[in-house]
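Report on the following structure.
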Amino acid sequence: MDNLTWPLILGKAAVQFLPVWIALVVVFALSITYKRKLGLYGRLFDSPVGMIGFGIVMFWVFTALFADLIITHAPLEQISGMKNAPPGSLIKGREAEWYLFGGDSLARDVFSRMVMGARRVLSIAPAATLIAFMVGVTLGLPAGYFGGRFDTGTSFAANLVLAFPVILLFYLLVTPEIRDTGIPTVLAAVLFLFPVIFVAVLLNARYRTDPPRRNLYVGITLAIGLWAYSGLAFNADPTGVWSMDPNLLNVFVSVVFVNSPTVYRIVRGITMDLKSRDYVSAAQTRGESPWYIMLWEILPNARGPLIVDFCLRIGYTTILLGTLGFFGLGVSPESPDWGSTINDGRRLLSIFPHPAVVPALALMSLVLGLNLLADGLREESLKD
Amino acid sequence: MLLFTIRRLGVMLLTALALTFVVFYMTNLPPNLEKLAKSEASVRMSDEDVALWLDRNGFSSSVLTRYGEWLGVMPGWTRTAEDGTVTGRCITKGVAPTDAPARCGVLQGNWGYSTVFKQPVIEILSRGLGHTGWLMLSVMLVMVPSALIIGVLSGMKEGSRLDRVLSAFSIASTATPEYVSGVILVALLASATAGISPFLVESGLISGKTLFQGTATSAMDDITFWNFTLPVMTIALYGIGYIARMTRASMTEVMTQQYIRTARLKGASFPTIVLRHALRNALIAPFTVIMLQFPWLLNGVVIVETLFNYKGFGWTLVQAAGNNDIQLLLACSVVAVLVVLITQLISDIGYVLLNPRIRLA
């Protein structure tokens with residue numbers, strides 16, 4: 001057995017990704033067959049740009065899901081003699097086992113670490129973006145709708161966060177010393193409360209006229225929400241279902257904190273634009289409560305730009321997570337996430353480029369996919 | 001206009017105060033101070049010793065008081081030891097305590113002393129800003145014209161093949177953060193073993209080992225095309241895509257306006273229409289975007305200076321933050337915050353001046 005040449009390396013890698021290809025084919029076949037019944041999602045398959053973007057994003061999503069099947073070696077396994085091995089090296093003393101994309105400076109498999117990195121990135125970025133959106137929407141809607149003091153105050157606070165250079169903020173928020181002071185927990189306590197408030201107010205506004213159902217829905221939301229809240233923010237969940245590694249919590253909270261002011265500004269701007277529409281006046285004349293108007297009249301009509309921004313923002317959050325990893329903030333050294341593997345690889349970059357280039361290309365393709373997806377969605381949602 | 005500017009300046013001042021206070025608070029948290037005491041005096045200090053050291057060096061007063069002292073609006077602390085010697089914030093060696101000024105903070109021009117570099121902060125900062133200034137200038141010179149050209153070219157005929165190609169390039173470049181494009185550029189152009197440099201050496205096209213240099217350390221003394229291209233390109237690439245997309249959007253909107261149709265109907269040639277009728281109107285929106293890029297560039301500068309080991313402002317910031325150098329980090333954040341706020345102000349005022357349709361009371 002010899003070292004592999006490039007066509008063979010790529011071929012072997014493609015075979016490793018087999019579960020992903022199958023899943024992609026199934027998703028695309030189903031979606032294209034039923035695309036007329038699937039609303040905006042279905043119309044995405046009319047635009048080639050959107051389809052390419054969706055394909056790339058789903059590729060990484062399935063990679064994250066099936067990571068255990070795809071990897072060729074454990075992400076932390078070190079094999080002697082494979083330090084900085086070039087791509088396609090045969091592992092010494094083994095039959096037909098290769099480091100497909102080479103070995104890194106600690107003799108670990110670059111390919112497997114890149115695949116496991118996808119899982120880590122995709123488990124944080126979308127969730128953090130979602131929470132940032134809930135914070136931004138919960139504050140931006142009333143700020144745009146009511147205006148006045150609340151608007152002035154929250155806008156000032158949002159501008160304050162936005163005027164901070166992101167990297168400085170990360171250095172201030174994501175250090176081990178900060179964790180001892182409890183500031184991340186306080187931030188988490190504030191930020192994680194918003195999703196609970198958002199869903200509770202959403203359901204309350206909808207079913208206000210039907211108290212039994214309202215009490216049931218809001219009660220369930222509060223029970224589950226506060227249960228998760230106690231576990232995630234304070235690590236105080238008695239059953240232990242909801243918990244978060246303090247390191248991860250720190251990273252998560254700072255990413256949400258950086259993202260939510262921008263979402264707030266977007267939502268506020270759209271709300272100010274939409275509140276003078278006829279359907280809002282009609283709802284006001286009907287005597288609907290302000291929160292009903294905001295959440296069930298204005299918000300659904302603002303969904304187009306918000307969905308597009310959501311896609312872009314997941315990409316931006318991925319970049320932010322990479323930045324954190326690049327500066328070695330808030331991640332353990334063994335973590336396979338892309339930012340920190342790029343950081344590890346850059347020391348020997350001009351001699352052994354592959355340990356840094358592989359995760360760099362992975363990160364780039366994911367963000368590119370999200371940007372293309374957002375572009376496709378924008379194009380299709382403008383056709384209404 | 002005047003009132004608008006004054007009000008903006010007021011808000012800006014308030015923001016600057018609030019932000020510097022936040023940074024001050026975060027850098028002066030008890031764990032950071034403890035670390036400072038241990039690194040300055042002795043690593044094996046007991047908790048009582050740490051408290052004593054902090055008390056002797058003026059860290060025992062409240063955060064607000066210390067912020068005031070740092071800013072220079074409160075008198076600096078003084079302390080009389082048991083043997084009668086007077087120490088204080090503003091009392092330097094060799095100056096009698098009675099002659100020392102009462103206040104010495106940022107407003108008096110006293111930025112403090114860096115514990116890592118063992119130099120006054122102001123010296124380190126001005127040196128770093130000098131280096132970064134050259135980098136920023138080169139980035140702007142590369143980024144702005146190329147972004148505007150790409151944007152105008154792709155926006156003047158929406159949907160054409162040229163538009164598709166340039167738009168794809170813009171999207172790809174906005175999807176590539178600095179630490180990714182830097183790594184790829186170095187691997188491609190500045191590696192002796194990979195990329196295109198080995199081929200160029202073999203065929204005798206370049207005399208050195210690599211096409212470009214992978215570090216910019218030598219650029220601090222002497223900027224050359226060889227050592228400065230990669231850092232500049234890395235920062236510029238990320239910005240080019242964004243500005244180009246904004247310019248394209250603005251250009252396509254202008255091209256559908258009535259006066260463009262009029263110009264076309266009267267028989268003006270296409271270059272004339274683009275250059276004389278469309279261009280000026282299309283460049284209003286990108287102007288704001290370019291100004292708002294500055295804070296973003298700041299991020300890029302921090303990453304690129306770390307990646308290419310170029311000891312400018314961003315590198316200083318990372319060193320200060322990583323080594324708990326409180327005074328230096330505070331000074332860096334003041335500079336960063338001021339850059340952001342001033343560019344916001346310029347972009348607001350410039351927008352009003354450029355666009356006569358906007359009138360502000």
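Compute all pairwise cysteine Cβ distances in chain B, then list the cysteines with no distance under 4.7 Å to another cysteine.
B:Cys332, each lacking another Cys Cβ under 4.7 Å.
Name the lysines eligible as straight-distance cross-link partners of B:Lys38: C-alpha to C-alpha under 24 Å, and not fewer than 8 places from it in the same chain.
B:Lys93, B:Lys118
Output the 0 to 90 degree angle, nearest 10, between the alpha-carbon long axis of helix A:354-381 and the longest principal axis computed from the alpha carbons of chain A.
30
Angle, helix A:303-326 long axis vs. longest principal axis of chain A, Cα atoms, 0 to 90°, nearest 10?
40
Could you give the angle, 0 to 90 degrees to the nearest 10, between helix A:110-146's Cα long axis and the longest principal axis of the Cα atoms of chain A?
So the helix axis and the longest Cα principal axis differ by about 10 degrees.
Given the options A:Gly93, A:Gly339, A:Gly103, state which has the largest fluctuation in a GNM of chain A using a 10 Å cut-off (strictly under) for Cα springs.
A:Gly93
Return the long-range amide H neighbours of B:Gln119 (sequence gap of 5 or more, or a different chain), with a cut-off of under 5 Å between placed amide H atoms.
Sorted by chain and number, the residues that satisfy this are B:Ser114.
Where is the GNM fluctuation largest for chain B (alpha-carbon springs, 10 angstrom cutoff): B:Ala190, B:Ala321, B:Ala18?
Of the options given, B:Ala18 has the highest mean-square fluctuation.
From other protein chains only, count the Cβ atoms within 10 Å of every residue's Cβ in A:166-178, then give the mean.
Counting Cβ atoms of other protein chains within 10 Å of each residue's Cβ and averaging gives 6.
In straight Cα distance, which aspartates and glutamates are under 12 Å from A:Lys92, not counting same-chain residues fewer than 8 positions off?
The reachable aspartates and glutamates, counting only those whose Cα sits under 12 Å from A:Lys92, are A:Asp2.
Run through the stretch B:1-80 and list the trypsin sites (Lys or Arg not before Pro) located in a DSSP loop whose Cβ has at most 10 other Cβ atoms within 10 Å.
B:Arg44
Applying 1/(1 + (r/R0)^6) with R0 = 30 Å to the Cβ-Cβ distance of A:Trp6 and B:Leu205, what FRET efficiency is obtained, to the nearest 0.05?
Values: r = 24 Å, r/R0 = 0.80.
E between A:Trp6 and B:Leu205, to the nearest 0.05, is 0.80.
Based on Cβ point charges of +1 for Lys and Arg and -1 for Asp and Glu, what charge dipole magnitude is obtained for chain B about its Cα centre, in debye rounded to the nearest 20? Could you put the intermediate results ahead of the total?
Numbers: 27 positive and 21 negative charges, 380 e Å.
Computed about the Cα centre, the dipole is about 1820 debye.
Is it possible to state the helix-based mean residue ellipticity at 222 nm for chain A, with each DSSP H run of 4+ residues giving -39500 (n - 2.57), the sum divided by total residues, to the nearest 500 deg cm²/dmol? What is it?
-23000 deg cm²/dmol
Any lysines with Cα under 18 Å of the A:Lys37 Cα? List them, leaving off those in the same chain fewer than 8 positions away.
Here the lysines satisfying the reach criterion relative to A:Lys37 are A:Lys383.
Of A:Lys35/B:Lys157; A:Lys12/A:Lys35; A:Lys35/A:Lys275; A:Lys83/B:Lys209; B:Lys35/B:Lys311, which pairs sit farther than 29 Å apart, going by alpha carbon to alpha carbon?
Table pairs above 29 Å Cα-Cα are A:Lys35/B:Lys157; A:Lys12/A:Lys35; A:Lys35/A:Lys275.
Within a Cβ distance under 14 Å of A:Val49, other residues only, what is the Lys/Arg minus Asp/Glu net charge?
Here the charged neighbours net out to 0.
With chain A treated as a Gaussian network of Cα nodes joined by springs under 10 Å, which of A:Ser31, A:Ser80, A:Ser47 yields the largest mean-square fluctuation?
Answer for the Gaussian network model of chain A: A:Ser80.
Mean Kyte-Doolittle hydropathy of -1.0 or higher plus an axial Cα length of 27 Å or more: which whole DSSP H helices in chain B meet both?
Both cut-offs are met by B:2-27, B:121-156, B:225-255, B:284-307, B:326-354.
The numbers here are math on the coordinates, done by the rules we state, and not lab data. As the structure is a prediction and not an experimental result, all values here were calculated from the model. When we count neighbours, we look across all protein chains shown, and the Cβ atoms used for this are built from the backbone with ideal geometry, even at glycine.
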